[in-house]
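Input: a single structure, listed below in structure tokens.
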């Protein structure tokens, strides 16, 4: 007898017809609360999509106010991909061309290469108040924003010069997708990761010419370029995961979220072969520990009070539990979880002059919580959240991997796993 | 309680469908004093229960050339005079693998004879033009089909009739045609709102009751042989297609898919029903099955698209007078002068026809009325635009854009629905701009405008004027908001509660034949809100 195949019935693209108008998404939208010009996720997403299918001129440029935080999708009880519907509408219908400013902000790769080459000159210049005023009026990049400092020695160059050779001495191996931030702005995070992985007995390798994940290109409407880079990255991931049997780990929640979910949903690029083996370093480590394959030994004298902030894309991935569980394992850590709220930066969104007020308005409740947390510093997995929190509060922000690297008793751990 | 009106009108028109509306407009424009009476609300019969297809006539080209040429003429007229009720989508007649491609050339020839412009398309090009079409099509012909909103069209005719002095009564049911010797002189009505009987008199009475015209004629002692044919349709949650999709074969079941406003609909079935069942229309499981099965052949994505509602209407088919068996049924216009036919003067019946030819039917009926009243005035309904569709000059768009600061969803939707009349809707203040119906973009300002200007007596009327409750939530979020607004201006609170229950019951009626999947989820959610939270009971009314 022929086997009957049950296919889901009446399921439309992005589940937009699955919306039962319960409006829960609207309650969870951080933008709507501070900016009434934004129609909200339900109206912009499933409701708006129906109207746009009737007539494309129903597209409203106010959809640009969406942060793409995806908190609406997390809230939706029916699995409607509200954020994706909004992003796709922006891609499909927006007639406004990206501005020069958008290209500068979006091309983290090219700008990063140039800026890090001339880091000693670029860093002080973009930090100057008059320069920020000019960027504000000419480029419409808000003058309150301070560009992240560019590193003189890129992470990739550092790796090739000082780390690459040693990596083959290990028995187990992973690839590392470092992302633009680690490469151009903060190589120390990459170094911290290598320190931990090496201590755990893993060699860390770079992908074959990794390109920027493209999240900023997507949100700024530069889809062609985003697609090109995404295709390149998927191939590079395949070479590692499929050909060499090496999982890919990353320290950026947004990069890994983009590669896992935005590539297929927004760019239509298939990533089935690599998706399961592409994950965050904290998840990779936690799962090893949880299955008894790894144990970390920590220093006795590490004592800190840490407040963890859940980035929106971590909320969407559902992975903050891995980072927080690792932090809780450190004996001297007094851990507190901040309420899961958007910080308001949303990558390049908050850099734009027109979004500054919304951005800070969205973040305000989080900033207040941080100020009253009495923590030594904030921990979070996202680099742009870090900039926003450091600019808007008195506390510094560290990545969970950097915290682990500092608290780890490297020699003791290494003895356990490199016998 | 009885009330008699001493005023004698030139003409009383019975029936608030599109034919009645068109006749009222035409009569009023020719200077006659007009009273139109309707038992429920405008466009509640067959007018509001069809495809909303702006036929090019191509569907009838092979089988009924006369109807086809009437259709294409009226099609072009409606584009001109009722611009805001019409969407010029164009249509495709597709030949599927199981259809005979030979029919295509016969079809194209017949269209040419009827004056319908056709263009034979390469299947590949057709697929690109209309991506939702069955990709296995063998051939496609493009024709000037479109969509027409029957509620808007009827209302617009009513408004113009009113502008020209006509009086309109809804919720007034004809209980008797008053005759004196061999002359009809008036009608006795039952006012459902006030529960009282009332009489009105006129020189001529026009029976434009559609299928119910059979009953109205019998009140005057006249027999018209009507054969009610039920047609069922399914409404889908959103637009799947941009162009009207037809099968290129002889007309059959479920072979037209029409995009209309935010939705699209597939239909129809055709089934004879006994006359005593015409007020009791329901869609059977078999109807639903055949509509889905055939619809998927036209556009495969219908299989995965959410179905919003099912509904059925009755075609007013009339048997030729010399054929009491009803075998020789015409879909053409039937105008009966009962003086000639039955010896009863002052009474005429206009029926048959179709939505597309309502204006022509009205013109023919009005010509006869004028002849009887010895009024010599030409028909102007084909030249003068309906209210909402006036074209002052090229700056029309600019003029309306000035009124709208930014085109919000509500403002754009209102412009689509009311054409140039949208300028009468209050905008700008944040209260007026707030949405009552989020699915269809109906603002508080629009609801207030409809209540004030468009003959709204209850929530169901309001839906026909504005699309409140016609979106995917089917009244879940908007019904209570609209009820609140209606209550402020029209109703007593107790009445409003009944009205709300009625409205939701009517929504459920259309959903029950297709209540599965997301539709049943949504219905359940609606019932939690209204029964669980607000304590509304189904037997409230």
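Readers should treat all values here as calculations from the given coordinates under stated rules, not as data from a laboratory. Small disclaimer: the values here were computed from a predicted structure and weren't measured. With ideal geometry, Cβ positions are generated from the backbone for all residues, glycine too; neighbour counts draw on all protein chains shown.
Of the residues A:292, A:361, A:268, which exhibits the maximal mean-square fluctuation in a Gaussian network model of chain A defined by a 10 Å Cα contact cut-off?
A:292
Return a whole-number percent for the relative contact order of chain B, with Cα pairs under 8 Å and 6 or more residues apart as the contact set.
Computed over chain B, the figure is 16 percent.
Please report the orientation-averaged projected area of segment B:148-243, defined via the convex hull of its C-alpha atoms, in nm².
The number I arrive at for segment B:148-243 is 9.8 nm².
Once each part is reduced to its C-alpha centroid, what is the distance from segment A:120-154 to segment A:339-371 in angstrom?
Measuring centre to centre over Cα atoms gives 19 Å.
If you average 1/r across every pair of different Cα atoms in segment B:271-317 and take the reciprocal, what Kirkwood value do you get, in Å?
Evaluated over segment B:271-317, this radius sits at 12.4 Å.
Among A:182, B:174, B:296, which comes first, second and so on when ranked by fewest other beta-carbon atoms within 10 Å?
B:296, B:174, A:182
Given axes a ≥ b ≥ c from the Cα gyration tensor, I'd like to know whether the protein assembly as shown is rounded (a/c under 1.5), prolate (a/b larger than b/c) or oblate.
prolate
State the Cα centre-to-centre distance between segment B:133-155 and segment B:408-453 in whole Å.
So the separation of the two Cα centres works out to 27 Å.
Taking one equal scatterer on every alpha-carbon of segment A:304-407, how large is log10 of I(q)/I(0) by Debye at q = 0.20, 0.22, 0.23, 0.24 1/Å?
The Debye formula, applied to the Cα set alone, gives -0.97, -1.15, -1.25, -1.34.
Work out, in µm²/s and without decimals, the Stokes-Einstein translational diffusion coefficient of segment B:216-261 at 37 °C, 0.692 mPa s, Rh from Kirkwood over C-alpha pairs.
The calculation lands on 231 µm²/s.
Among A:162, A:356, A:176, whose mean-square fluctuation peaks in a Gaussian network model of chain A (Cα, cutoff 10 Å)?
For chain A, modelled as a Gaussian network with Cα springs under 10 Å, the answer is A:162.
By how many degrees, 0 to 90 and rounded to 10, does the Cα axis of helix A:187-199 deviate from the longest principal axis of chain A?
Around 50 degrees separate the two axes.
Grab the alpha carbons of segment A:13-93, take their convex hull, and tell me the volume per residue in Å³.
76
Using the count of nearby Cβ atoms within 10 Å as a rough guide to exposure, how do A:317, B:335, A:193 rank from fewest to most?
With the sparsest Cβ surroundings first, the list reads B:335, A:317, A:193.
Which one of A:320, A:278, A:373 has the biggest mean-square fluctuation once chain A is modelled by GNM with Cα springs under 10 Å?
In this elastic network of chain A, the residue with the biggest mean-square fluctuation among A:320, A:278, A:373 is A:373.
Helix-derived [θ] at 222 nm for chain B: sum -39500 (n - 2.57) over DSSP H runs of at least 4, divide by residue count, nearest 500?
Helix contribution divided over all residues of chain B: -10500 deg cm²/dmol.
Which of rounded, prolate or oblate describes segment B:75-134 when judged by the alpha-carbon gyration tensor and an a/c cut-off of 1.5?
Oblate, since a/c reaches 1.5 and b/c is not below a/b.
In which sequence would A:380, B:170 go, from the one with the fewest C-beta neighbours within 10 Å to the one with the most?
B:170, A:380
Give me log10 I(q)/I(0) at q = 0.07, 0.10 Å⁻¹ for chain A, Debye formula, one equal scatterer per alpha-carbon, no solvent.
-0.34, -0.71
Classify chain B as rounded, prolate or oblate, taking a ≥ b ≥ c as the square roots of the eigenvalues of its Cα gyration tensor: rounded when a/c is under 1.5, otherwise prolate if a/b is larger than b/c and oblate if not.
Rounded, because the longest to shortest axis ratio a/c is under 1.5.
Roughly how many Å is it from the Cα centre of segment B:483-541 to that of segment A:173-199, as a whole number?
59
Normalised by the residues of segment A:13-93, what does the relative contact order come to in percent, with Cα pairs under 8 Å and at least six apart?
The value is 41 percent.
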